[in-house]
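Since the structure comes first, as C-alpha cells, the remarks are kept for the end.
The values are calculated or read from the model by the stated rules, or taken from the named source; none is laboratory data. What you are looking at is a predicted structure, and each value in this text was computed from that prediction instead of being measured. Positions of Cβ are generated from backbone atoms using ideal geometry, with glycine treated the same way; all protein chains shown enter the neighbour counts. With ligands, DNA and RNA removed, areas are computed over all heavy atoms of the protein, side chains included. Shrake-Rupley method; radii C 1.70, N 1.55, O 1.52, S 1.80 Å.
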Amino acid sequence: MILLSNIQENNQIGLISQRVIDSLKTPFENQNIKTELKINIGISVYPYDADNSSDLIRKADQALSNSKKLGSNTYAFFSAKINFDNQVFSLLSNHLNKALQNQEFIIYYQPIVNREHQIIALESLLRWQHPTKGILSPDEFLSIAENQKIINDITIWMIEDIIAKKRSYSESVFRDIPIAMNISRKLIEDQKHSQRFIKIIEDNIAYTHNLIIEIRDNIWLENPEGKAILKKLLSLGLKIALDDFVHQDTLFTSIKKFPFHYLKISQDFVKNIKDNYQDKAIVSAISTMAKGLNMEVIVEGIENEIQWIIVLELDCQYAQGYLFTKALPFEEIMAILEY
C-alpha cells in the first residue's frame with residue numbers, strides 16, 4: 001500500500017503510479033535467474049471515494065481488479081470519472097512528446113492596457129493546436145509538460161518564436177512593444193536549458209531588451225540558481241513580474257527579496273470585487289504597497305466595466321482581461337496594434 005498526501009490534482013496520482021510501474025517492471029536477476037514482474041495498481045481517493053480507511057482500502061482493491069482487466073502494468077482509479085479524466089490525460093501525455101516536433105504549438109497574445117485603454121505590453125500565452133482536440137489552453141497540458149520535463153524545450157521554442165516575429169516585423173509596432181513571458185520553475189533545475197535561454201537573450205538583445213519575465217514561485221528567490229538567473233536577466237535589461245501575487249505560495253515577503261518591476265494580481269481577487277469587501281481591501285493594500293516600493297500593478301481577469309472602474313479607483317496602473325480583448329493569434333493582434 002502507498003499512501004499519498006498533499007495531492008493537488010488526480011493526474012499527479014496517475015503519474016506517480018506510472019513511475020512505480022516503470023520502476024518495478026524492469027527485469028532483475030537473482031542467482032542467475034531473470035525475473036520480470038507484472039504490476040497492477042488500484043487507486044481510491046479520499047474523500048471522493050470514501051471517508052474512512054477501511055472503505056478506501058476496499059475500493060482500492062476493487063480498482064485493482066479493474067486494473068487487471070486492462071492487462072499487466074496498468075493502474076486504475078475506483079471512480080469511473082477519474083478513470084476517464086486520467087485516460088484523457090494519458091492520451092495528451094503521449095501526444096505531447098511529439099507536439100514540438102510536429103510544430104503544433106502556437107503563441108497567442110493578450111494586451112495589457114493602461115488607464116486610457118492604450119496597449120502598453122502583450123502577454124504571450126501558449127496554445128496547443130492538437131490534431132484532434134483543437135486549440136488547447138495551458139491549463140489542459142502544462143502540468144503534463146512539466147512532469148515530462150519538456151517544459152524547458154517549450155520555453156526555448158517560445159522565446160525563439162517571439163524573437164523571429166520581432167525580426168520579421170522589425171518595421172512594425174510589434175518589434176518594440178514589451179512582451180511578457182512566463183517561465184517555469186523547472187528552468188532552475190536544468191542548467192543546460194537555462195544557459196541556452198540566457199544566451200538567446202544575449203544574442204538577440206535588440207529584440208529582447210524589453211521582455212518582461214513572469215515568475216510565480218518563491219523558489220526562484222530561495223534557490224541560488226534561480227536568483228542568479230533572474231539577476232542575469234535583469235542585467236540584460238529585462239523586467240521581472242511576480243505573477244498571481246497573494247496566490248498559491250507567493251507571499252508578501254517575496255517582494256522584499258528582489259527588485260520586481262510589476263506585481264500581477266490574480267483574477268481570483270477581481271471576479272467578486274464588486275460585492276466582496278475583502279477582495280477590494282486586498283487589491284487596495286497591494287496597490288498602495290506596490291506604489292510605495294516603486295512597483296507597478298497589473299490586474300488580471302477584468303471582464304466588465306464595474307471591475308475596471310473599481311480597480312481604477314484603487315489606483316491600479318494596468319490591466320488585462322476579456323473587457324479589452326481575449327488572447328488572440330499573432331495576425332489578429334497585429335491588426336489591433338496597427339489599427
### Residue in region 144-158 that is modelled with the lowest pLDDT, counting only those that are surrounded by 16 or more Cβ atoms within 10 Å (Cβ to Cβ) and over 22 Å from Ile201 (Cβ atoms)
Asn147
### Task
Please find, within region 4-16, the residue that is most open to solvent (accessible area, probe 1.4 Å) out of those that are of a type outside the set (Val, Ile, Thr) and farther than 12 Å from Phe89 by Cβ.
Gln8
### Task
Collect the residues in region 1-33 that are more than 17 Å from Ser72 (Cβ to Cβ) and assigned to a strand (DSSP E or B), keeping them in residue-number order.
Glu29, Asn30, Ile33
### Query
How many residues does region 17-35 contain that are in contact with a strand residue (DSSP E or B) (Cβ under 6 Å, 6 or more places away or on another chain) and surrounded by 15 or more Cβ atoms within 10 Å (Cβ to Cβ)?
1
#### Entry: Neighbours by Cβ (under 6 Å, 6+ apart or cross-chain): first from region 314-339, free of Cβ contacts under 8 Å to residues at least 40 places away in the same chain and over 18 Å from Ser287 (Cβ atoms); second hydrophobic (A, V, I, L, M, F, W, C) and open to solvent by less than 70 Å² (accessible area, probe 1.4 Å)
Leu323/Ile302; Leu323/Trp308
### Message
I'd like to know if region 133-143 contains one or more residues that are aliphatic (A, V, I, L, M), farther than 22 Å from Gln195 by Cβ and modelled with pLDDT of 95 or more.
### Response
no
#### Entry: Qualifying positions in region 287-313 - in contact (Cβ under 8 Å) with a residue 60 or more places away in the chain and within 24 Å of the chain's Cα centre (by Cα)
Ile298
### Query
Wholly within region 36-131, which strands (runs of 3 or more DSSP E) include no fewer than the required count, namely at least 3 residues that are touching a residue at least 40 places away in the same chain (Cβ under 8 Å) and surrounded by 19 or more Cβ atoms within 10 Å (Cβ to Cβ)?
105-113, 119-130
### Task
Evaluate region 247-269: report whether one residue or more is open to solvent by less than 30 Å² (accessible area, probe 1.4 Å), of a type in the set (A, V, I, L, M), in contact with a helix residue (DSSP H, G or I) (Cβ under 7 Å, 6 or more places away or on another chain) and modelled with pLDDT under 90.
no
### Task
Pick out the one residue from Ile215, Ile200 that is closer than 22 Å to Leu122 by Cβ, at pLDDT below 95 and among the β-branched types (Val, Ile, Thr).
Ile215
### Task
Pairs only if they're at least six apart or on different chains, beta carbon under 9 angstrom, first in region 1-16 and under 15 Å from Ala63 (Cβ atoms) and modelled with pLDDT of 90 or more, second open to solvent by less than 90 Å² (accessible area, probe 1.4 Å) and small (Gly, Ala, Ser); list them, first residue then second.
Met1/Ala60; Ile2/Ser17
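Rundown of residues vs (1) under 30 Å from Gln307 (Cβ atoms); (2) touching a strand residue (DSSP E or B) at 6+ places or on another chain (Cβ under 7 Å), yes/no style:
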{"residue": "Leu187", "(1), (2)": "no, no"}
{"residue": "Ala206", "(1), (2)": "no, no"}
{"residue": "Gly237", "(1), (2)": "no, no"}
{"residue": "Ala241", "(1), (2)": "yes, yes"}
{"residue": "Asn272", "(1), (2)": "yes, no"}
{"residue": "Asp275", "(1), (2)": "yes, no"}
{"residue": "Ile286", "(1), (2)": "yes, yes"}
